[in-house]
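K.L.:
Quick one: the structure is below, and I'll ask about it shortly.
No lab work stands behind these numbers, since they all come straight from the coordinates. Since this is a predicted model, take the numbers as computed values, not measurements. Counting neighbours? That spans all protein chains shown, and the Cβs are built from the backbone with ideal geometry, glycine included.
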Amino acid sequence: MSELGFEHVYRAASDPGAPTLLLLHGTGGSEHDLVPIGEMIAPEAGLLSPRGKVLEGTQPRFFRRLAEGVFDLDDLRLRTHELADFVRSAAARYGFDATRVIAVGFSNGANIAASLLLLEHRPDRPLLRGAVLFRAMVPIVPDPLPDLSGVRILMSNGRLDSLIAASQAEQLKDMLEDCGADVTFAWQPGGHKLTNQDVALARQWIDESA
Ligand code: MLT
């Protein structure tokens, strides 16, 4: 196990002014999965890609679920804070700017990225500057809602996704907007799988936020 608490891949930014992408894989994935996607989305950015520590059988995830789409909320809270601590420790260790981290998550990784947005505000600002959420659903509904003004979020969901109901995607979008985030939402014609359109859209969105 890495001394930072998560097995991970780190690549420094080639442009010191570029953000660091926090890459968060889907169920059964690894720290290597989204590295090529990160390179396509933001070639000059730093990449920090941890492997989820929860095992479902042999499949790594970022937090426990009780059933498909039914989450263990205590574990989700704990794992969200643990992941945030990892990001802060990695920033100190590798020397990247902890205030310029953009999450890029797919499926279970998108759900914990959404949870980071909703739960992580220590000491007084959101951990994430922005997030790309591919195939996310509502991970948790915090009360009160956090202030996410100034945070940019791209959500991309599949119209034919059999795992994530349209209402779940829309509910997350509405909640993030209620928090004051600047949310761009796109429906893709396909299902749960990531496509070239998702990647192209994310690249354009990142370019616009640079
Ligand atoms: C989750 O468990 O986070 C979602 O159901 C997505 C998935 O990983 O299948």
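K.L.:
Using the Kirkwood radius over C-alpha pairs as Rh, can you work out the diffusion coefficient of segment 43-97 via Stokes-Einstein at 4 °C, viscosity 1.567 mPa s, in µm² per second? Working shown, then result.
P.N.:
Values: Rh = 12.8 Å.
Answer from the Stokes-Einstein relation: 101 µm²/s.
K.L.:
Near the amide H of residue 7, under 5 Å away, which other amide H atoms are found, from residues 5 or more places off or on another chain, if H is placed in the peptide plane?
P.N.:
Hits under the 5 Å cutoff: 2, 51.
K.L.:
Moving on to the next point. Sorted by average packing, counted as other Cβ atoms within 10 angstrom per residue and highest first, what order do 146-159, 191-204 take? Display every interim value, and only then the final one.
P.N.:
Details: 146-159: 19.6, 191-204: 16.2.
So the peptides 146-159, 191-204, ranked by packing, come out 146-159, 191-204.
K.L.:
Moving on. Return a whole-number percent for the relative contact order of the chain, with Cα pairs under 8 Å and 6 or more residues apart as the contact set. Provide the component values of the computation, followed by the final result.
P.N.:
Details: 437 pairs, mean separation 37.6, N = 210.
Computed over the chain, the figure is 18 percent.
K.L.:
For every helix of n ≥ 4 consecutive DSSP H residues, a contribution of -39,500 (n - 2.57) applies; sum these over the chain, divide by its total residues, and give [θ] at 222 nm rounded to the nearest 500 deg cm²/dmol.
P.N.:
Values: 5 runs with 68 residues, N = 210.
Mean residue ellipticity at 222 nm (helix-derived): -10500 deg cm²/dmol.
K.L.:
Ranked highest first by average number of other Cβ atoms within 10 Å, how do 62-75, 14-27, 170-183 line up?
P.N.:
Numbers: 62-75: 14.9, 14-27: 21.3, 170-183: 17.8.
Answer by packing, highest mean first, reads 14-27, 170-183, 62-75.
K.L.:
If you don't mind, there's one more thing I want to ask. At 1.002 mPa s and 20 °C, plugging the Kirkwood radius over alpha-carbon pairs of segment 1-104 into Stokes-Einstein gives what diffusion coefficient in µm²/s? If you can, show how the numbers build up before the last one.
P.N.:
Details: Rh = 14.1 Å.
In µm²/s, the coefficient rounds to 152.
K.L.:
Another one. Considering only 121, 181, 101, whose Cα is most displaced toward the positive end of the charge dipole of the chain, charges sitting on Cβ of Lys, Arg (+1) and Asp, Glu (-1)?
P.N.:
After comparing all options, I get 101.
K.L.:
Just for segment 87-210, what percent of DSSP beta bridges are antiparallel, to the closest 5?
P.N.:
Values: 0 of 17 bridges.
Of all bridge pairs located within segment 87-210, approximately 0 percent are antiparallel.
K.L.:
Considering only the other residues whose Cβ falls under 15 Å of the Cβ of residue 123, what net charge follows from Lys and Arg at +1 and Asp and Glu at -1?
P.N.:
Working: positive: 88, 122, 125; negative: 85, 120, 124, 147.
Residues close to residue 123 contribute a combined charge of -1.
K.L.:
Volume per residue, Å³, of the convex hull around the alpha-carbon atoms of the chain?
P.N.:
Details: hull volume 22.9 nm³, N = 210.
So the per-residue hull volume is 109 Å³.
K.L.:
Here's another thing I want to ask about it. Where both partners of a DSSP beta bridge lie in segment 14-134, what percent of those bridges are antiparallel, to the nearest 5? Intermediate results must be reported in sequence, preceding the final value.
P.N.:
Numbers: 5 of 18 bridges.
So the antiparallel bridges amount to about 30 percent of the total.
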